[in-house]
1. Take region 234-261 and flag every residue that is without any contact (Cβ under 8 Å) to a residue 24 or more places away in the chain and within 18 Å of the chain's Cα centre (by Cα).
2. I'd like to verify a number: residues in region 122-149 that are within 20 Å of residue 204 (Cβ to Cβ) and surrounded by fewer than 24 Cβ atoms within 10 Å (Cβ to Cβ), how many?
3. Mind counting the residues in region 194-226 that are surrounded by fewer than 19 Cβ atoms within 10 Å (Cβ to Cβ) and closer than 15 Å to residue 111 by Cα?
4. Can you tell me which residue in region 98-125 is modelled with the lowest pLDDT, limited to those that are out of contact with any helix residue (DSSP H, G or I) (no Cβ under 7 Å at 6 or more places or on another chain) and not aromatic (Phe, Trp, Tyr)?
5. Since residue 157 meets every condition but one in (1) surrounded by 17 or more Cβ atoms within 10 Å (Cβ to Cβ); (2) modelled with pLDDT under 95; (3) not aromatic (Phe, Trp, Tyr), which condition does it not meet?
6. Give the residue, chosen from 232, 165, that is within 25 Å of residue 107 (Cβ to Cβ), surrounded by fewer than 23 Cβ atoms within 10 Å (Cβ to Cβ) and charged (D, E, K, R).
7. Out of all the residues in region 32-46, is one or more modelled with pLDDT under 50 and at positive phi?
8. Is it the case, given these coordinates, that residue 287 is under 21 Å from residue 187 (Cα atoms) and at pLDDT 95 or above?
Amino acid sequence: MSSSTRPPEIDLPLILTLYEEFQEDLRRVRRDQRAIYEAYTGKRGNDPGAGRGTAMATPSRLLSAPMRSWVTDHVPLSVLIQARRILKAVFPGQDLDPQGDDIDCEIAYLLIRRFRPRTVVEISPCGGWSTTWLLSALRDVGQGHLYSYDLIDDSTRTVPPRLSERRWTFTLGDVRKLESTLPAHIDYLFMDAEHSRTFAEWYLSVLVPRVVPGGIVSVDDIFHPELVRRGETGEVEAVLSWLRERSVPYFTAAPSSRPEVYRSISEKKAAAGLQELIHTSTVNPGVFFRRG
C-alpha cells in the first residue's frame with residue numbers, strides 16, 4: 001500500500017464513509033458499468049431476466065466443483081478454450097457473464113480509491129465484469145496496474161481498451177503453473193475462481209503470503225446460498241477456517257451473513273440515489289480482509 005502506516009480495518013463505518021467520499025465518482029462509474037452491461041447483455045440492469053439471479057447456472061458453472069477441478073488439472077488448456085467457444089456458440093451472449101454483485105463490486109472500487117494500491121492481482125476475470133470495476137478504480141486513482149490470470153480469455157474481448165491500455169496485463173493459463181509470473185508483492189488480491197478446497201488451500205498458502213502487510217484480500221462467493229445448496233462449500237470452509245485460526249477480522253455485506261450491514265449500505269445508497277441495480281442479484285457473498 002502507498003502509506004507507511006497500517007490502514008484501518010475494513011468495517012461498516014469505513015465503507016459508509018467511502019460511499020460518501022466518492023459518491024459522485026461512483027455515480028459516474030456505475031453509469032459506465034451499466035453501459036457495458038447493457039451493450040453485452042442487451043438488457044436493462046433492473047430487468048428481472050438479467051444478471052446473477054441465474055448466473056450460477058451459466059455454461060461455465062454447469063459442472064460440479066470437483067469435476068471442474070479435475071478438468072482444470074487434467075484437460076489441456078487448448079481443449080478447454082475450444083470447449084468454451086463451443087459452449088458460447090450454443091449459449092450466445094456469454095462473453096461478459098457478469099458475476100460480481102453491485103455492492104461487492106462497489107466496495108472493491110471504493111477500497112482501491114481510498115488505499116491506492118499499486119499492484120492488483122485478479123484470479124479469475126472470466127468475462128471481465130470485475131476487471132472493468134478494478135480498472136475503473138485504478139484509472140480514477142491515477143496509478144497502479146492490474147494483473148489478471150484465467151483459463152479463458154473472454155475478458156480480453158469485453159474490457160474496453162480505454163480502461164485496459166497501460167494498466168492491465170492478462171495472462172492465459174492455470175495460475176498454479178504460472179507462479180513465476182506473479183508479482184512478488186501484491187497490494188490488493190481479488191479472488192473469484194475455482195471454489196474447491198484444494199484450490200483455496202493453494203491460494204491461501206501461495207498467493208495470500210505475497211500480499212503486503214496491511215494489503216487487502218477479497219474472496220467472492222463465500223456466503224453464497226446457492227453453493228451451500230449444492231454442497232460446494234470446500235472453498236468456504238477453507239477460507240473461514242483460515243481466518244478463524246489466525247483471528248483475522250473480515251467484512252462482508254452478504255445479507256445471508258450480515259443482514260444489518262447489507263441494510264445499512266442499501267440505505268446509504270438509496271439516500272444518494274444509487275439504489276438501482278445494474279444487474280439483479282443482491283447476494284453480495286464476498287469477504288474482504290487485510291493481510292496481517
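The values are calculated or read from the model by the stated rules, or taken from the named source; none is laboratory data. Note that the structure is a prediction, hence the values are computed from the model and not measured. Note that we place each Cβ from the backbone using ideal geometry, even for glycine, and neighbour counts take in every protein chain shown.
1. Here is the first cut: in region 234-261, the ones without any contact (Cβ under 8 Å) to a residue 24 or more places away in the chain are 240-241, 244-245, 247, 258-260.
Across region 234-261, the qualifying residue is only 240.
2. So the count comes out to 4.
3. 1
4. My answer is 124.
5. Failing condition for residue 157: (1).
6. After ruling out the rest, the residue left standing is 232.
7. Looking only at region 32-46, we keep the residues that are modelled with pLDDT under 50, and these are 44-46.
Narrowing the set further to residues that are at positive phi leaves none.
No, the conditions are met nowhere in region 32-46.
8. Against the criterion (under 21 Å from residue 187 (Cα atoms) and at pLDDT 95 or above), residue 287 qualifies.
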